[in-house]
Amino acid sequence: MLTQTRAVADPDGLRPSACPRCRAALVPETADALACVAERAVFRRHAGIWRFLDGETDHAAFTAQYRTVRRAEAWGSGSADYYQRLPFTDLSGRHPDIWRIRAVTYRHFLRWVLAPRERERHGGLRILDLGAGNGWLSARLTGRGHQVAAVDLDDDPRDGLGAVVHYGDQAPAESVQASFDHLPWPRAVFDLAIFNGSLHYSPDYAQTLQEALRVLKRAGEVVVLDTPFYAREASGRAMVGERNRRHGQQYGVVAETTRNEAFLTDARLQELGSLLDLTWRVRRPYYGLRWALRPLQNRLLGRREPARFRVVAGALDATTSQRGARG
Ligand SMILES: [Zn+2]
């Protein structure tokens, strides 16, 4: 039902403004409802989160499995302090090794990708946090004066978008439950699109990156953080097999995630660069001595190659002109 409500437009903000299905402009109906007139569809905001997954049952199975594993692993907390200290301190004490890696990655991202952009531009950047989870990265970036839209499939109150209530005035400007492959914005909105430990959940990297590039400005960058890298495809496949067996044994979970690409190799990254006219910059953060010795240790013990993590940033090739017509 369309009404005459006015003054809910958000010309300078990051409120979703394009239908994720047909890309028509969304018309604000109330402060918490956006209408796609073409499809006679209404997308609503409940509990502070815009809902764009209605009727997309293919994501429900993934999210259900993801939650089963994450709950068994006891992610999250009832304390706002826990969320506000991430990624530097894990007050729950349950996943300190993972948060240590994430903190190193975050510092490299700041120094190498974000700070140079902050220096060359006054005022905040528009940033898309893809796979925002509990919103810790969105909160850190909001605290630095940027406008952030947090996107995730999961609205869980401890481990998903529902947790952004813990950040107070550093909560992201918009929290959006949507698929990476169908983002509810028009083209050329964001300065940075960050896959925040999340690209490996995509079943098709090319399609997912293409959609992120659509909503990025021409001079924007797509950033990939905390996706596991392997030198060899076979090592990545071995990791997926081990993980699926473990999840099956420990949590009774059937391997829904086998349909995801699950990891990156340097070869796959180069292939995606050629396909999408992207030039990649790749950094290899130092995660500490124990982490650094793992590849050698594993080789000596005859184990598979361990995952490595990179900070990856991709910009559209300056020489490619037809990209202006993207959309
Ligand atoms: Zn539509």
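General remarks:
- Single residue of segment 46-61 satisfying the filter (part of a helix (DSSP H, G or I) and either of a type in the set (Gly, Ala, Ser) or outside the structural domain of Val165 (by TED's automatic domain parsing) (or both)) that is farthest from the ligand (Cβ to nearest atom): Ala61
- Of the residues making up segment 169-194, those that are among the charged types (D, E, K, R) and assigned to a strand (DSSP E or B) are Glu174, Asp191.
Yes or no, residue by residue, for (1) in contact with a Phe, Trp or Tyr (Cβ under 8 Å, 6 or more places away or on another chain); (2) part of a loop (DSSP other than H, G, I, E, B); (3) among the polar types (S, T, N, Q); (4) surrounded by 22 or more Cβ atoms within 10 Å (Cβ to Cβ):
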residue: Val148; (1), (2), (3), (4): no, no, no, yes
residue: Arg158; (1), (2), (3), (4): yes, yes, no, no
residue: Leu209; (1), (2), (3), (4): no, no, no, yes
residue: Val222; (1), (2), (3), (4): yes, no, no, yes
residue: Ser235; (1), (2), (3), (4): no, no, yes, no
residue: Gly241; (1), (2), (3), (4): no, no, no, no
residue: Arg245; (1), (2), (3), (4): no, no, no, no
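- Test: residue in segment 117-126 that is more than 17 Å from the chain's Cα centre (by Cα), among the small types (Gly, Ala, Ser) and more than 15 Å from Gly220 (Cβ to Cβ): yes
- Flag for Arg21 being of a type in the set (D, E, K, R) and at pLDDT 95 or above: no
- Residues in segment 83-106 that are in contact (Cβ under 8 Å) with a residue 12 or more places away in the chain, in a helix (DSSP H, G or I) and not β-branched (Val, Ile, Thr): Tyr83, Gln84, Trp99, Arg100, Arg102, Ala103, Tyr106.
- Filter pass, Leu125 being in contact with a helix residue (DSSP H, G or I) (Cβ under 8 Å, 6 or more places away or on another chain), within 19 Å of Ala150 (Cβ to Cβ) and either more than 16 Å from the ligand (Cβ to nearest atom) or among the small types (Gly, Ala, Ser) (or both): yes
- Odd one out for Phe43 among (1) surrounded by 15 or more Cβ atoms within 10 Å (Cβ to Cβ); (2) on the phi > 0 side of the Ramachandran plot; (3) within 16 Å of the ligand (Cβ to nearest atom): (2)
The values are calculated or read from the model by the stated rules, or taken from the named source; none is laboratory data. Every value quoted in this text rests on a predicted model; they were computed, and no experiment measured them. Neighbour counts run over all protein chains shown; Cβ positions are idealised from the backbone, glycine included.
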